[in-house]
Amino acid sequence: MLVTGATGGVGAAVVRAAADRGYDVTAAGRNDVLLDRLCARTPRTSPVLLDLQHPVDLPAPLVELDRLDALVHCAGIAEVASVDETPYALWLETLTVNVAAAAEITRALLPALRRADGHVVFINAAPGLHAVPRWSAYAASKAALRELADSLREEEARHGLRVTTVYPGGTATELLRKVRGQFGRPFDAADCIRPETLASVVLTALDLRDDAYLPEVSVLPAPRK
């Protein structure tokens, strides 16, 4: 399995859950210190440096993959800025990291995924995210990611490839803490989905038998009394 964004809250949880389930996991990210720390503490894992702002030249360990059972896209950025505060460079970075890199990595690894009758999982945004003031670049990137997943699902069905999009509500990560702070909203991890819970949803999607799979799944924080 390959997990992008492996040093983020969700990505690291997916890496650990997959290793616990018996997968051999390649953890991809751009922070070598955090990657090495994660893999040192998690058996069956190996780190690979991957800068999603420049996804064209993939590292040799990825290019050389012959078979790939699962590709889980967890990487993403979520800067808060109005349209008039979002320069071209930020649009380009957001769309590259959140969409174009996922498309390019998937494209490059399709032969290995096809040989394994593999599974691609995209971690998207909260269910129903649409037209959020001061978050246009992020919202646009996630709309594009949905279209990428839906198109890939139709195109690759004849090769036996399964494609799942996960739409998580607020998840207790440092990224969400930062985003809510920029919006002036409170952050309480107790009111959020735990990354480990979201990772279990991803593994459930991957573990389904060959006669069925989940094309989409929405995950929401449990209601509080």
Exercise. Within the bounds of the range 107-114, is there any residue that is touching a residue at least 60 places away in the same chain (Cβ under 8 Å) and closer than 17 Å to Leu176 by Cβ?
Worked result: no
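The rows are residues; the columns are (1) in contact with a Phe, Trp or Tyr (Cβ under 8 Å, 6 or more places away or on another chain); (2) open to solvent by less than 20 Å² (accessible area, probe 1.4 Å); (3) closer than 28 Å to Val179 by Cα; (4) assigned to a helix (DSSP H, G or I).
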residue: Gly11; (1), (2), (3), (4): no, yes, yes, yes
residue: Val14; (1), (2), (3), (4): no, yes, yes, yes
residue: Ala27; (1), (2), (3), (4): no, yes, yes, no
residue: Leu34; (1), (2), (3), (4): no, no, yes, yes
Problem set entry | Val48 out of contact with any Pro (no Cβ under 6 Å at 6 or more places or on another chain), closer than 18 Å to Gly8 by Cβ, buried (at least 16 other Cβ atoms within 10 Å of the Cβ) and of a type outside the set (Phe, Trp, Tyr) | no
Exercise. How many of the residues making up the range 186-225 are closer than 21 Å to Asp20 by Cβ, without any contact (Cβ under 8 Å) to a residue 40 or more places away in the chain and in a helix (DSSP H, G or I)?
Worked result: 3
Exercise. Among the helices (runs of 4 or more DSSP H) confined wholly to the range 80-185, which include 1 or more residues that are open to solvent by 10 Å² or more (accessible area, probe 1.4 Å), farther than 29 Å from Glu64 by Cα and among the aromatic types (Phe, Trp, Tyr)?
Worked result: 88-95, 136-156, 174-183
Problem set entry | the range 116-158, residues that are closer than 22 Å to Arg185 by Cβ and among the hydroxyl-bearing types (Ser, Thr, Tyr) | Ser136, Tyr138, Ser141
Problem set entry | Complete set of residues in the range 53-72 that are open to solvent by less than 20 Å² (accessible area, probe 1.4 Å) and touching a residue at least 60 places away in the same chain (Cβ under 8 Å) | Leu62, Leu68, Ala70, Leu71, Val72
Exercise. Out of the residues in the range 33-84 that are at pLDDT 95 or above and of a type in the set (Gly, Ala, Ser), which is farthest from Val201 (Cα to Cα)?
Worked result: Ser82
Exercise. For Ala75, are the conditions met, namely being open to solvent by 10 Å² or more (accessible area, probe 1.4 Å) and of a type outside the set (S, T, N, Q)?
Worked result: yes
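The values are calculated or read from the model by the stated rules, or taken from the named source; none is laboratory data. In this text the structure is predicted, and so the values were computed from the model without any measurement. Counting neighbours? That spans all protein chains shown, and the Cβs are built from the backbone with ideal geometry, glycine included. What goes into the accessible areas is simple: the full protein's heavy atoms, side chains included, and nothing from ligands, DNA or RNA. Shrake-Rupley method; radii C 1.70, N 1.55, O 1.52, S 1.80 Å.
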